[in-house]
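Written out below as C-alpha cells is the structure these notes cover.
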Amino acid sequence: MDNIIYLIVASIAGLIIGFIIAKMLERSKASAIIRDAKKTSENILRESKSEGETIKKDKILQAKEKFIELKAEHEKVILSRDKKIAEAEKRTRDKESQVSNELSKNKKLNTEIEEKIKNYNHRNEFLEKKQSELNKLHKNQVQQLEVISGLSAEDAKEQLVESLKEQAKTDAMSLIQGTIEEAKLTAQQEAKKIVINTIQRIGTEEAIENCVSVFNIESDDVKGRIIGREGRNIRAIEAATGVEIIVDDTPEAIILSCFDSVRREVARLSLHKLVTDGRIHPARIEEIVKKTRKQIDEEIIEVGKRTVIDLGIHGLHPELIKTIGRMKYRSSYGQNLLQHSREVAKLCGVMAAELGLSTKLAKRAGLLHDIGKVPDTETEVPHAILGMQWAEKYGEKPEVCNAIGAHHDEVDMTSLISPIIQVCDAISGARPGARRQVLDSYIQRLKDLEEIAFAFDGVKKAYAIQAGRELRVIVESEKVNDERASSLSFEISQKIQTDMTYPGQVKITVIRETRAVNIAK
C-alpha cells in the first residue's frame, strides 16, 4: 500500500516537474522567435527606406525631364506661331501692293473704255448716216424697177411668192414623203420583225364553226326509235334542248341545227347517251337533257380554269373564268372565240415581252378582250364596252379594262397595252382562213375605198383590187401633174387611215398617163 502511494506521489511530482520544464523551454523558444522577428522587421524597414529614396529620386528626375520636354514643345509652338504671323503680314503687304497695282490698272482701263465709247458713238453716227443713204438709194432703185417693169413692189412680191409657193410645196411634199419613207423603212422593219417573230412562235389551229352538228348513228333503224311513236320522242328532244333535229336528209346521220353552240352540244351528248342506253321516251329524255346540261356547265368552268392555268393567269374572278369557258361554244366570223382569245393572249404576251412591257397584264387583257361577246342576255351595248364593264365589275386593273374597251376604238387608249391588244386581235383575225367575211361588208369596204378616191379632184377612175388590199387610181393628166400625183397618193392614204377600219394595209397606186396620137396618111 505504501509502495502504491509512493508511486502515485512520484508520478505526480514527475508530471509537475515536466510541465515546468516544458513551460521554460516554450518561453525560451518564444523569446528567440521574437528576437528573430525584430531583426527581420528592422531589415525590412531599412530596405524600404532605401527603396523609397531611390524611387523618389527617379520620380524627381522624370518630372524634370517632362518639364524640359514641355518647355521645348512650347517654344516650338511659339516659334511656329511667330513664323505664321510673319507670313501673314508678308501676304498682307503683298495684297496691298497688288490692290494698289490693280487700282492703277483700273484707272488706265477706265480711260481706255471712255475713249472706245467715244469712238463707238462716232462710228454709230457714221453708220446711221450711211444707212439712211442706202435706204434712199434702195427706194430709188425700187422706183426705177417699178417704172421699168410696170408693176408695184407689192404686185411683184405677190408674183414672186406665188411662184415660190408651188416650188416650196413640191419640195416640202418630196421632203415629207422622203422622211416618211425613211421612217417607214426603219419602223416597218422593226415592227415586222416583232410581228413576224410573234406569229412564228404562236401556232393555233384554225377553227371553223357552223350552225349545225352531225350525230352519226350505226344504222337507220335508230332513227325510228329517236322519232318515236307519232314523233313524240323527237318533239320531246327539240322541246328540252331548243335544237332543230333533221332526221331524213343524211343516211346514217342526224343533223342538229341551232345557232347556240351550247344547245347543240347538249343535244348531241344527250342523243349519244340515249342511243347508248337504249331507253328513249319523253321522261328519260328530260332526265338525260337535264344531267347533260349540268355536265356542260361543269365542263365550261373546267375549260375556263384549264385555259387560265395554261396561260399562267392568276386571280381571275370565278364569273370571268366561267365566261372564258363559255367562249368554247361561241364563234366570231366563223372563228372559235376561245381559240381566238387564247391566240390573242399568247401574241400579246410575246409582243409585250419584245417591247419590255408586263407580259402578265398583256396576256390577261388579250384573253379577256372579247368576253363581251358571250352575254347571258341580248344587249345593244358594243361587246368591247360590255367587256370593259364586266372587267371593272369583277375588279380587273384599269390597264386591262381600258385595253378591253379600246380594242375597237370605242374608248380612248390610256395605256401602252391597249394598242398591243388591238394589233394582236387584228393579227389573229386577219390570218388567211381564220375568219369568214360577210359578203355585204366586204363589198361595202371596196365601195368605200373607191369613194374616198373619187372625192379628190382630178381622179378619173378608181379600182379596189386584190380583195381590198390595193387601190389603183387613174387621174387626168391635164389636171394632175407628176408632183401632184405623188402628193395625191399620200393624201388618199391618210384619208383611208383616218376614215376606215380594215385588216392589214392598203396600197394606193396613182396612175397618170399621157398619150401623143398622130395619124399618118
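The values are calculated or read from the model by the stated rules, or taken from the named source; none is laboratory data. If you're wondering where the values come from, they're calculated on a predicted model, not measured in any experiment. With ideal geometry, Cβ positions are generated from the backbone for all residues, glycine too; neighbour counts draw on all protein chains shown. Remember, those area values only see protein heavy atoms, side chains included, never the ligands or the DNA or RNA. Shrake-Rupley method; radii C 1.70, N 1.55, O 1.52, S 1.80 Å.
Odds and ends about this structure:
- When each of the peptides 231-241, 443-453, 358-368, 66-76 is scored by the mean number of other C-beta atoms lying within 10 Å of its residues, the order from highest to lowest reads 358-368, 231-241, 443-453, 66-76.
- Long-range amide H partners of Ile508 with built H, under 5 Å: Leu471
- Across Lys291/Lys360; Lys169/Lys495; Lys397/Lys495, pairs whose alpha-carbon gap is larger than 27 Å: Lys291/Lys360; Lys397/Lys495
- Given R0 = 60 Å, the distance between the Cβ atoms of Asn121 and Met500 translates into a calculated FRET efficiency of 0.30.
- Bins of 10 Å, starting at 0 and running to the largest distance - Cα pair percent for the stretch 242-385: 11, 33, 29, 18, 8, 2, 0
- For the chain, the 222 nm mean residue ellipticity estimated from helices alone, with every DSSP H stretch of n ≥ 4 adding -39500 (n - 2.57) and the total spread over all residues, rounds to -25000 deg cm²/dmol.
- Normalised per residue, the accessible area of the stretch 268-393 is 48 Å², obtained with a 1.4 Å probe and no contribution from ligands, DNA or RNA.
- Partners of Lys139 within straight-line reach, counting lysines whose Cα lies under 20 Å from its Cα and excluding those fewer than 8 residues away in the same chain: Lys129, Lys130, Lys157.
- For the chain, the share of accessible area belonging to carbon and sulfur comes to 55 percent (1.4 Å probe, ligands and nucleic acids excluded).
- For peptides 303-311, 454-462, sequence by mean Cβ density within 10 Å, most packed first: 303-311, 454-462
- Volume of the Cα convex hull of the stretch 370-415, divided per residue and given in Å³: 60
- With a 1.4 Å probe rolled over the protein heavy atoms of all chains, the accessible area of Tyr502, Tyr329, Tyr6, Tyr463 falls in the order Tyr6, Tyr463, Tyr502, Tyr329, largest first.
- Nearest 10 degrees, 0 to 90: helix 153-201 Cα axis against the chain principal axis: 70
- In degrees, nearest ten, helix 232-241 long axis to first principal axis of the chain (Cα): 50
- DSSP-defined antiparallel bridges as percent of all bridges, the chain, nearest 5: 75
- Within straight-line cross-link reach of Lys59, lysines at Cα separation under 22 Å, skipping those fewer than 8 residues along the same chain: Lys49, Lys71
- Normalised per residue, the accessible area of the stretch 5-148 is 97 Å², obtained with a 1.4 Å probe and no contribution from ligands, DNA or RNA.
- Relative to the dominant Cα principal axis of the chain, helix 359-368 is inclined by about 40°.
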